[in-house]
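Encoded as structure tokens, the structure appears first; notes follow it.
The values are calculated or read from the model by the stated rules, or taken from the named source; none is laboratory data. Being a predicted model, the structure only gives us computed values, none of them experimental. Please note: Cβ atoms are built from the backbone with ideal geometry, for glycine as well, and neighbour counts cover all protein chains shown.
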Amino acid sequence: MNGLEKIVARMEADTRAECDALTASAAENAAAILRDCRAQADAVARDSRQRAEAQAAEHLEHLNGSSQLACRQKVLAAKQQLIDEAFAGAAQRLSSLPQAEYIDLLAALAAENGSGDEELLLSAKDREAVGPAVVKAANARKAGVADCISFRDGDATKMDLPAQSGVAAWS
């Protein structure tokens, strides 16, 4: 090997060493960048998972609340139906009572709930059919007080009660 070959070999060795150093440095930088990217990706994934879990919990809470509301509405509807059926049944039983029993019932209610000097207000149908008899029977039940319940024969206005009952409150 002569002098020129030694110089070229030395330059090649130096260049290879520089290339190896640059490659090693680039590999370290790439590894550091890769670690940073993986750490960032892990952090983003963790954040996304936490947000997703929070949204899922919130959605579940909303669905639970909606479900409870729907259940309460169904229970309320069932209760309302039972109440409507009870009132319809009571109205049917009242309207099917024989007139004497109906008069006795209205008189008993008026006498028990009246304290004296009341007016008995009946529907037009009841006023015509049983009004005077109910007043007479109610007054007879009030011991020691003569004619404390009176019958008003004037105009009356209907309150909002079930029409099928045949019995309505008037004022």
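Of all residues in segment 99-114, none are at pLDDT below 65 and of a type in the set (D, E).
When the test is whether a residue is in a helix (DSSP H, G or I), within 22 Å of the chain's Cα centre (by Cα), surrounded by 10 or more Cβ atoms within 10 Å (Cβ to Cβ) and not β-branched (V, I, T), C71 passes it. Taking R93 as the residue in question, decide whether it is within 30 Å of V130 (Cβ to Cβ), part of a helix (DSSP H, G or I) and basic (K, R). Yes: the conditions hold for R93. Residues that are exposed (fewer than 13 other Cβ atoms within 10 Å of the Cβ), out of contact with any Pro (no Cβ under 8 Å at 6 or more places or on another chain), farther than 30 Å from A138 by Cα and basic (K, R): does segment 79-87 have at least one? Among the residues of segment 79-87, at least one is exposed (fewer than 13 other Cβ atoms within 10 Å of the Cβ), out of contact with any Pro (no Cβ under 8 Å at 6 or more places or on another chain), farther than 30 Å from A138 by Cα and basic (K, R), which makes the answer yes. Listed by first and then second residue, the pairs linking a residue in segment 68-92 that is within 30 Å of Y102 (Cα to Cα) to a residue that is part of a helix (DSSP H, G or I) and not hydroxyl-bearing (S, T, Y), with Cβ atoms under 7 Å apart and 6 or more places separating them unless they lie on different chains, are A88/Q164; A91/Q164.
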